[in-house]
Amino acid sequence: MTEKTTPLWEVFIRSRTGMAHRHCGSVHAADAEMALQAARDVYTRRGEGLSIWVVPSAEIIASDPSEKGMLFEPTASKIYRHPTFYEIPEDVGNM
Amino acid sequence: MYTQALNARETETSAPEDAERLAAFQARIDAEEKIEPNDWMPAAYRKTLVRQISQHAHSEIVGMLPEGNWITRAPTLKRKAALLAKVQDEGGHGLYLYSAAETLGVSREELTEQLLSGRAKYSSIFNYPTLTWADIGAIGWLVDGAAIMNQIPLCRCSFGPYARAMIRVCKEESFHQRQGYELLLEMCRSSEEQKAMVQDALDRWWWPSLMMFGPSDTHSTHSAQSMAWKIKRFTNDELRQKFVDATVPQAHFLGLTIPDDKLAFDAESGHWTFGEIDWDEFSRVIAGDGPCNRERLSARQKAHEAGAWVREAALAHAEKRAARRAAAQVAAE
Ligand SMILES: [Fe+2]
Ligand SMILES: [Fe+2]
């Protein structure tokens, strides 16, 4: 049999705690509607979610792990972006 | 465990890899960093994981068959709903795991083909028949119990997608074991005949459950490397001992006898010592010659073939709708 492959979709779920949608896995489905149904069955059997996004896996653009240093290291030296960098006398109270 | 056949020695040797990269990779593992799909990894690490995760997935899928066999014959609506939910969970576990394996570059179609052609392995435990309703309880208690022992340390596996899939699976397993034990407890308390059915189920499932942990450490060839890569955290024998220690008192609570005359409590070590597993039976079942191997494979093949028209129709429908949308867009411009 010459079977075509069924597209892959990434699944994002917003839990009942009101958090942002969070990646939780993937499903195979012929179209978006079936992907949503499959995601519901596979990832929310115990009330794990109130909202689902599905995105074709091929549409995800990811950063290159070998560029991790170039992309993220520069922020390590910018300690003045954190509140603890600034000294406020204790007498001022909480700030 | 669900991946017992990994313990067989591999014959092929792969090309040597850059020593510096290997050292950097091992340093990440030693620092308990998670390895993610796009990160560099040794070819052997990738290959071991593809085999382990896919065998685990196949085991979940084939594992639906012995229990599915009893859904229409469950004695009450409550038990039927529980069994249906459990079998559905096992299907879900298979899907989480296939997704995790696919992040390593293997396709779902390839994995399915490996299972259906008989080239891929799955846990030996699912090649035993479910003869009575008590077997459904014994599977929940013993088989899911053994799976939990194995899967909890896998939540800390060095490969991110596998560890995350295991966390989801472990959250769901507890219900599987408890419904099985509760069912057996109810049977043991109701009549002598029913209790005898439970004893018979234990007699048949005890040794195959111990085999789930794989060969003994002296014969397991992959253990050391998997431990170094933190894919595995405990050896087969360590996990088997944990399982026996946890399960023997549970059997006694039910008023049952473990079918092993060598079983004894060693006060000094605090562990239950037990007799020798029939390793010939283990090898036979792994090699494809257990009581139900052929039946299980043909059930999966039949399901796959009978579902082909649905997959084809769904894709054809999706293509038709996409084409119509494209045509409507052109017309509108
Ligand atoms: Fe499972
Ligand atoms: Fe389970």
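A few notes on this one:
- Cα-based convex hull, the protein assembly as shown, per residue volume (Å³, whole number): 254
- Of every Cα-Cα pair in chain A, the percent that sits beyond 22 Å: 57
- Only protein heavy atoms count here, probed at 1.4 Å, and on that basis chains A and B bury about 2000 Å² of accessible area in total.
- Per atom type, segment A:8-86 shows carbon and sulfur on 60% of its accessible surface, probed at 1.4 Å.
- A viscosity of 1.306 mPa s and a temperature of 10 °C, combined with the Kirkwood radius over Cα pairs in Stokes-Einstein, give a translational diffusion coefficient for segment B:15-95 of 101 µm²/s.
- Hydrodynamic estimate: the Kirkwood radius of segment B:186-333 over Cα pairs, inserted into Stokes-Einstein at 4 °C and 1.567 mPa s, corresponds to D of 64 µm²/s.
- The accessible surface of chain B, taken with every protein chain in place and a 1.4 Å probe, is 56 percent carbon and sulfur.
- Excluding ligands, DNA and RNA, the accessible surface per residue across the protein assembly as shown is 54 Å² with a 1.4 Å probe.
- Segment A:62-78 versus segment B:23-75: alpha-carbon centroid distance in Å: 30
- When both segment B:165-228 and segment B:265-333 are represented by their alpha-carbon centers, they are found 21 Å apart.
- With q set to 0.18, 0.24, 0.26, 0.29 Å⁻¹, the log10 of I(q)/I(0) for segment B:167-210, from the Debye formula over equal scatterers at the Cα positions, is -0.63, -0.86, -0.91, -0.97.
- Once the Cα atoms are used to define both axes, helix A:32-43 deviates from the longest principal axis of chain A by about 70 degrees.
- Gyration tensor (Cα) of chain B, equivalent ellipsoid semi-axes in angstrom: 36, 29, 18
- Minimum 40 Å² accessible area buried by the other protein chains, segment A:36-85 residues, probe 1.4 Å, relative to alone: A:42, A:43, A:45, A:46, A:65
- Annotation: the antiparallel percentage among DSSP beta bridges lying fully within the protein assembly as shown is about 95.
- Taking Cβ atoms as reference points and 10 Å as the exclusive limit, the residues near residue B:133 contribute a net charge of +1, counting Lys and Arg as +1 and Asp and Glu as -1.
- Structure-based [θ]222 nm, chain B - -39500 (n - 2.57) summed over DSSP H runs of at least 4, per residue, nearest 500: -21000 deg cm²/dmol
The values are calculated or read from the model by the stated rules, or taken from the named source; none is laboratory data. Every value quoted in this text rests on a predicted model; they were computed, and no experiment measured them. Here the Cβ is made from the backbone with ideal geometry for all residues, glycine too, and neighbour counts use every protein chain on show. Ligands, DNA and RNA are excluded from the accessible area calculation, which covers all protein heavy atoms including side chains. Shrake-Rupley method; radii C 1.70, N 1.55, O 1.52, S 1.80 Å.
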